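What follows is calculated from the coordinates using simple rules that are stated; it is not laboratory data. Nothing here was measured: the structure is a model prediction, and the numbers come from that model. Cβ coordinates were reconstructed from backbone atoms using ideal geometry, including for glycine residues, and neighbour counts include every protein chain displayed.
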Amino acid sequence: MLSMSLQFHQVVEHLGVWIASSADISFVITFASPTGPGFRGRQGFVASWRPLYPRTGAVKVTGSPFKTFADAETACNDMLGILETIRANKAAPLSVNFR
């Protein structure tokens with residue numbers, strides 16, 4: 001069960017980048033658009049996560065890009081709950097293997 005909601009804060013004002021972390025997992029929400037300043041891509045809020053300590057790439061949260069920041073934030077909290085459940089069931093530190 002999720003013990004606490006992620007608390008996002010904006011780190012790059014003009015690019016629309018927000019971060020939050022919980023234990024050993026980092027979450028990032030960015031705003032992307034096909035034109036204009038900032039990140040390029042389909043219009044919306046793109047959410048991703050990665051373990052803080054192992055040096056691995058980020059994993060996009062399913063459903064990205066989201067229409068609203070609130071939707072992206074909810075998806076990140078849902079993903080955190082899933083990752084915490086997996087970790088609790090395995091009783092081991094979170095690790096991600098890329099092939």
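In table form, for the structure just shown:
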quantity	calculated
Stretch gain in nm, segment A23-A70, where the contour uses 0.36 nm per residue and the Cα spacing is subtracted	14.7 nm
The chain, relative contact order [Cα under 8 Å, separation at least 6], %	21
Residue-wise HN-Hα coupling along region 27-36, computed from phi with Karplus coefficients 6.51, -1.76, 1.60 (Hz; x: Gly, Pro)	10, 9, 10, 10, 9, 10, 8, x, 9, x
On Cα atoms only, tilt of 69-90 relative to the major axis of the chain in degrees	20
Listed residue (Q10, G41, G81) projecting farthest to the positive dipole end of region 9-90, Cβ model	G41
Neighbour-count order for T35, T68, fewest beta carbons within 10 angstrom listed first	T35, T68
Cβ-derived FRET efficiency at R0 30 Å, Y53 paired with N89, nearest 0.05	0.90
Residue order, fewest to most surrounding Cβ atoms within 10 angstrom, among I82, I25	I82, I25
Tail beyond 21 Å, pair distance distribution of the chain (Cα, percent)	33
Mean Cβ count within 10 Å, highest first, over the residues of peptides 43-53, 57-67	43-53, 57-67
Modelled FRET efficiency - R0 35 Å, I82 with E13, Cβ distances, 0.05 increments	0.70
